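This report concerns only the one structure given below.
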Amino acid sequence: MLDFPTIALFSVACLALTMTPGPDMLLIASRSVTQGKASGFATLAGIQAGTYCHALAAAFGLSQLFLAAPLAYDVVRYAGAAYLLYLAWKAFRSAGTSLTPVTGLRAYSIATVFRQGLLTNLLNPKMALFVLALFPQFVRPDAGSVALQIMLLATVLNAIGLVVNGAVIVTASRLRHVFAGRNRPARWPQYLMGTVFGGLAAKLAFDSGR
């Protein structure tokens, strides 16, 4: 199995990457602001489950399909963009008009929020290539099962992500309570989520670099 220095070095790399604001952090923060802490953690859980799926794909060599077949990469990329546009459309059409507990923004179930986080991560081929590019640098063929090593690295990445994004979730959910305390009707939560999903869709669709 991997030794401590290797895991420590990988942890430093993951910490630097996780603390850099990106699409996942933006999605988690916006979901926490609009629906609260539980939805933020559910989104994070879905994203981290997706990370394990990408790690499994890398372990079995499936992620290399995106390198060998550009068409497969584009199919997944456009499918992800279409899904995000669908979520944006649903957010903009939400009937909620306030952040108050009684008449608040439509609250999606934890299972729905988890599924959205999972699918958003799975339909992002860049995540698959990220895992394929980073993880092998820390895998040692002479240290046992390569698949187990990759899953261990995925667990380290998710553990660090839980700490960093957990702080983001707590902070963002407090902003929700600040706005809720004002008891003013507003449609900005719908617009925020719609804009976030739409922006992620555009980035995924037009940022084709691999």
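Taking 0.36 nm per residue of separation and subtracting the current Cα-Cα distance, fully stretching the chain between residue 19 and residue 133 would add 39.2 nm. Modelled spin labels at residue 93 and residue 56, positioned 7 Å past Cα toward Cβ, are 3.3 nm from each other.
Could you rank the peptides 80-89, 13-22 by their average count of other C-beta atoms within 10 Å per residue, with the highest value first?
Numbers: 80-89: 18.4, 13-22: 13.7.
Listed from highest to lowest mean packing, they are 80-89, 13-22.
Length gained on full extension, residue 203 to residue 155: 14.6 nm, using 0.36 nm per residue less the C-alpha separation. Among 29-41, 138-150, 49-61, sorting by the average number of other beta carbon atoms lying within 10 angstrom of each residue, highest first, gives 29-41, 49-61, 138-150. Straight-line reach from residue 203: taking Cα to Cα under 24 Å and skipping same-chain neighbours fewer than 8 places apart, the lysines in range are 90, 126.
Summarising the label geometry, the points placed 7 Å from Cα in the beta-carbon direction at residue 171 and residue 75 lie 4.1 nm from one another. Maximal additional length on extending the residue 110-residue 140 stretch stands at 7.0 nm, based on 0.36 nm per residue less the C-alpha distance.
All of the numbers you see were taken from the coordinates with simple rules; none came from a lab. Bear in mind that the values here come from a model prediction, so they are computed numbers and not experimental data. Here the Cβ is made from the backbone with ideal geometry for all residues, glycine too, and neighbour counts use every protein chain on show.
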